[in-house]
Amino acid sequence: VSELRWHPLLREWVTVAPWRQDRTYHPPAAFCPLCPTRPGQPETEVPEPDYHIAVFENRFPSYTGDLGRAEVVCYTPVHDSSLGAQPLERVRDLVEVWADRTRELAELPSVRYVFVFENRGEEIGVTLHHPHGQVYAYPFVPPVLERELAASAEHQRRTGCCLYCEVLAGEAAGERVVSKDDRWVAFVPPFNRWPYEVHLAPTAHAGLLGELDDPQAWSLAAVLKDVLERYDRLFDRPLPYVMAMHQRPPGAGFDHHHLHIELYPPNRTADKLKYLAGSELGAGAFILDVRAEDAARELREA
Amino acid sequence: LPSAEPGAGAATAAGAAGRKAAPLEKRLVRKEDGRYLIFYERPKDPPRR
C-alpha cells in the first residue's frame, strides 16, 4: 500500500509508491501491454482478441486497497492512434466511461476526489504509447483542486455567482476562443500558464461529467476532438499534452464548482519545450512567452 | 466571433446529438492476480426480423 507523507511547509500530501520504479518502460509495440491479446502471443493486460474500451486496475498503482484506486483506460484496441483521431462516436462513448468511473470510484469509502486525466507523448513522460488515459481516486482533495474549490467557494459566498461562469462570460468576444458550439466552449484562458493551454467547459453550469445530458455529452466529444485535431495540425506533428478533468469532489457542498477540462501541451514552438524551472518549480510563479490571444489565433487557424 | 466557428467535429456533433445512444454494456472480469478489468461495449443491434 502507498504511503502518504505530509509536507508541512506546503500543507499537502506526498504519495510514496516505490514499486512504480519497476513499471513497464517503453516496450516495443509487439509487446504492448495495452493491446488486445493476439492469438499465439503472450497475454497482455487485456486477455481477449479485441475490445471497444477497456478499463483495468494499474499493475503499478499509485493508490490501491483502502487508500484509493489507479485505473488505466484503453481508448481503442489500435496501437498507433490517439484520442483526437478516434471517431466522434467513440469519444462520446469515452465521455460515458469517464462519467461511470467517476461515479463508481467516488463510492469507495476512503475516496475524496476522482481525477480523470491523460498524459500524451514522451515529452510528458509517457512510458506506453498505446492510446490511453488514467483515473486516480485519491484519499484527499489534490492541492490544485483544493485551491480552485476555495476560490470558487469564496467567490460564490461574496457575489452569489459562479466564478467559472464569469470566466466564460469574459470569453464572449471570442478573441481567445479556439472552438465552440451551443453547449461547450474551448479557449485559451487569459491566465494561461502554458503557451498553448486550452480550457474546455460547458456553457451551462455543471459539476460532473455524469450531470451532462446527451446533447451536452455529444458536444463535449466534438469540441474535445476538434481541439485535439487542431493541436496535431499546429506544428504538423502529434502534440504532447496533459489533459486534466476538473470535476467537483464527491459529496455535498461543492455545487459552486464548474466542471472544466484543462489541456497543457509543453511545447512553446514546434521544437522547443517550456520547462518548469527555477521560477515555476522553486517559487510557483509561471513566466509565459506567448500571449493567450496569439496562441488562440494560431489554434483557430490550425 | 472572429474565426471561432465550430470545427468539423462540432458540426458532426450537432447531427449526432439528435440521436440518443443506448448506454454502453459493462462486463467485469477478474484477472489472475485479483485486479479487475472492465469491458465497455456498444450493445449489438437487435437482429432484424
Quiz item: Scaled to the compact-protein estimate 2.2 N^0.38 Å, what is the alpha-carbon radius of gyration of segment A:149-302, rounded to two decimal places?
Solution: 1.06
Quiz item: From the residues A:TRP184, A:GLN156, A:LEU168, which one has its Cα farthest along the dipole of segment A:152-195 in the positive direction, the dipole being from +1 and -1 charges on Cβ of Lys/Arg and Asp/Glu about the Cα centre?
Solution: A:GLN156
Quiz item: For segment A:70-133 and segment A:180-212, what is the separation of their C-alpha centers, rounded to whole Å?
Solution: 18
Quiz item: For segment A:275-293 and segment A:258-274, what is the separation of their Cα centres, given in Å?
Solution: 12
Quiz item: Under a point-charge model restricted to the Cβ atoms of Lys and Arg (+1) and Asp and Glu (-1), what is the dipole moment magnitude of the protein assembly as shown relative to its Cα centre, in debye to the nearest 20?
Solution: 320
Exercise. Note down the relative contact order for segment A:184-243 as a percent, whole number, built from C-alpha pairs under 8 angstrom at least six residues apart.
Key: 29
Self-check item: Positive dipole terminus of chain A, leading residue within A:PRO143, A:SER219, A:LEU234 (C-beta point charges)
Solution: A:PRO143
Quiz prompt | List of segment A:78-120 residues, accessible area with partners at least 20 Å² below that of the chain alone (1.4 Å probe) | solution = A:LEU88, A:GLU89, A:ASP93, A:GLU96, A:VAL97, A:ASP100, A:ARG101, A:GLU104
Quiz prompt | Over 30 Å (Cα to Cα) - which of A:LYS225/B:LYS44; A:LYS274/B:LYS26; A:LYS180/B:LYS31 fall in this group | solution = A:LYS274/B:LYS26; A:LYS180/B:LYS31
Quiz item: For chain A, which whole percent of the accessible surface, found with a 1.4 angstrom probe, sits on carbon and sulfur atoms?
Solution: 52
Quiz item: Using a basic spin-label model with each label point 7 Å from the Cα along Cα→Cβ, how many nm lie between B:ARG42 and A:GLU107?
Solution: 2.7
Practice problem: Divide, for segment A:1-120, the radius of gyration over alpha carbons by 2.2 N^0.38 Å, where N is the residue count. | Solution: 1.21
Exercise. Report the residues of segment A:265-301 in range of a label on A:ARG237: point 7 Å along Cα→C-beta, backbone N strictly under 17 Å from it.
Key: A:265-275
Quiz prompt | Solvent-accessible heavy-atom area per residue, rounded to whole Å², over chain A at 1.4 Å | solution = 44
Quiz prompt | Given charges at beta-carbon only (K, R positive; D, E negative), |dipole| of segment A:156-276 in Debye | solution = 520
Self-check item: A:GLU154 versus B:ALA22: modelled label distance in nm, points set 7 Å from Cα along the beta carbon direction
Solution: 5.1
Practice problem: Of all alpha-carbon pairs in chain A, indicate the percentage at a distance above 31 angstrom. | Solution: 29
Quiz prompt | Interface A:B - total buried accessible surface [probe 1.4 Å, Å², rounded to 100] | solution = 2900
Practice problem: Apply 1/(1 + (r/R0)^6) to the Cβ-Cβ distance of A:GLU43 and A:LEU281, taking R0 = 35 Å, and write down the FRET efficiency to the nearest 0.05. | Solution: 0.30
Exercise. Compute the distance in nm between two label points, each set 7 Å from the Cα along the Cα-to-Cβ direction, one at A:ASP80 and one at A:ASP271.
Key: 2.4
Quiz item: Once fully extended, how much extra length lies between A:ALA172 and A:ARG11, figured as 0.36 nm per residue of separation less the alpha-carbon to alpha-carbon distance?
Solution: 54.3 nm
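The values are calculated or read from the model by the stated rules, or taken from the named source; none is laboratory data. The shown structure was predicted, so the numbers you read here are calculated from the model rather than taken from an experiment. Every residue, glycine among them, receives a Cβ derived from its backbone with ideal geometry; neighbour counts consider all protein chains shown. The protein model used for the area step is the full one, side chains on, heavy atoms only, and it has no ligands, DNA or RNA in it. Shrake-Rupley method; radii C 1.70, N 1.55, O 1.52, S 1.80 Å.
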